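Some notes on the structure that comes next.
A short reminder: the numbers here are calculations on the coordinates, not readings from a lab. In this text, all values refer to a predicted model and were calculated from it rather than measured experimentally. Reconstructed Cβ throughout: ideal geometry from the backbone, glycine too, with neighbour counts over all protein chains shown.
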Amino acid sequence: MVTEVVKELQAAKAKVAELETALEKQRRQQLAGLPKEYGFESVEDFINAVKQASGKGRKGRVAKVAVGGKKKRSKRAHITPELKDKVKAAVQAGKTGAAIAKEFGISVPSVQNIKKEFGLVKSRK
């Protein structure tokens, strides 16, 4: 009885493998025909069109290079008294540090430093 079940299982596994192979073959055929179906001359042209349509492509941070091949450093934010007052008001309004940093174009540590300066940070016990 157990041997019969094992044989059925092996037959089922063989059938699954056969179906997976057939499915893969069918997929390859359909994918190979896509560029011509959509009017592209080559697979590369089709791939580039798909990347452009989906917004994929070269993303990420691109280093800015100055003359001479050296990377430019980003300019530091100037923390003015007016900016400090705006940050203070935003903290008192209940905004998070990350939201404040994004709103005013400064870093989260800068927001934390301003909060410390005004005594708006809870002390540790």
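For the reader, a short list of remarks on this structure follows.
- Other residues with beta-carbon under 14 Å from the beta-carbon of Pro81 carry, at +1 per Lys or Arg and -1 per Asp or Glu, a net charge of 0.
- Put in order of Cβ neighbour count within 10 Å, fewest first, the listed residues Ser123, Ser107 become Ser123, Ser107.
- Neighbourhood net charge (13 Å Cβ-Cβ; Lys/Arg +1, Asp/Glu -1) for Leu120: +4
- Kirkwood radius, region 2-54, all distinct C-alpha pairs, inverse of mean reciprocal distance: 13.9 Å.
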